[in-house]
Amino acid sequence: MARIMMTTSANPTAEQVFSFFISATAARGAKDKTLDTYKQHFRSISKRLDTSIPIGNLTKVHLDDMISEMRADGLSSRSINSYTRTLKTFLSWCNSEGYTSLNIPIYKASESTKETYSDDELLILLKKPRAGCNFCEYRNWVIINFLLNSGCRAATVRNIQIQDVYLQNRQILLRHTKNGKLQTIPLCMEMVSILQEYMQIRGGSRTDYLFCNEFGNYLSESALRQTIVKYNRKRGIKRTSIHAFRHTFARKYLVDCGGDAFTLQRILGHSTLAMTKHYCNIFNSDIVDKYESLSPLAQLKKTSGKYIKK
């Protein structure tokens with residue numbers, strides 16, 4: 001079927017072609033959140049790139065000026081990286097459709113440390129609420145335990161159904177993942193025990209969501225974010241990021257628990273080792289505490305000292 005053109009011009013504007021791109025991407029099965037991200041990024045791009053001009057008239061100079069303006073406006077390298085990724089995806093599609101041969105390299109984002117919770121903060125957050133607390137506080141406590149067990153993304157946690165929980169096998173099936181692939185994650189015995197109690201209190205049918213609101217309904221993104229903020233602040237914890245639990249899980253798994261990168265990749269659901277290697281790199285400083293027993297120099301000095309004593 002021929003693509004429906006929304007303009008009679010032989011050279012439609014970049015904005016018009018972007019609408020074609022969104023339709024084509026949706027038809028390929030992209031998630032709504034992905035489409036929303038593309039749209040949001042394109043709106044930001046349009047503030048620094050004239051998208052009302054014909055797409056065939058866009059040049060490398062336009063793109064370079066856009067990057068320069070983003071930098072002048074004080075955008076972080078990570079933000080510029082995100083925008084250029086979206087623009088590259090869009091322009092690559094345009095190339096395949098014959099609209100333009102122009103493309104853009106991905107802007108290099110500077111390496112940054114990941115926000116994590118300290119052990120002291122975690123001990124406070126993981127303290128079980130008193131009997132008689134409301135359902136939301138109790139559910140939040142269970143969610144935070146679950147985040148520390150699995151490192152799941154918030155969107156994945158919100159979409160777990162009761163039928164996805166296999167306590168006897170100590171596993172949970174994840175249907176809603178970033179790459180769209182089914183994934184299973186393991187549960188430690190402590191998490192199994194917590195979920196057993198929680199599921200008895202939560203009730204519900206097999207297709208109901210595991211973590212629901214107080215009325216048993218779907219827990220929205222904003223509702224989860226706000227309720228975790230409230231939970232943390234009530235306990236005196238200023239840090240409120242849900243995603244920081246994922247970073248914390250990765251750090252503790254690698255550093256404190258001695259886990260390996262390949263298993264971490266599977267648990268976190270990374271398609272490649274690239275992001276997992278990123279975690280390994282940024283948490284290298286934590287290894288300093290254990291390096292006395294790992295340093296070849298330290299070991300040789302100890303060995304030579306023994307020989308000298310003899």
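Of note:
- From 78, 85, residue being outside the structural domain of residue 144 (by TED's automatic domain parsing), part of a helix (DSSP H, G or I) and under 30 Å from residue 228 (Cα atoms): 78
- Failed condition for residue 231, given (1) under 18 Å from residue 117 (Cβ atoms); (2) modelled with pLDDT under 90: (2)
Okay, residues lined up against (1) outside the structural domain of residue 269 (by TED's automatic domain parsing); (2) basic (Lys, Arg); (3) at pLDDT 95 or above; (4) in contact with a strand residue (DSSP E or B) (Cβ under 9 Å, 6 or more places away or on another chain):
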site	(1), (2), (3), (4)
133	no, no, no, no
139	no, yes, yes, yes
143	no, no, yes, no
149	no, no, no, yes
156	no, no, no, yes
162	no, no, yes, yes
180	no, no, no, no
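- Considering the range 134-226, the qualifying helices (runs of 4 or more DSSP H), each wholly inside and each with 2 or more residues that are over 21 Å from residue 243 (Cα atoms) and more than 24 Å from the chain's Cα centre (by Cα), run over 189-202.
The values are calculated or read from the model by the stated rules, or taken from the named source; none is laboratory data. What you see is a predicted model, and the numbers here were worked out from it, not measured in a lab. Cβ atoms come from the backbone with ideal geometry, glycine included; neighbour counts cover every protein chain shown.
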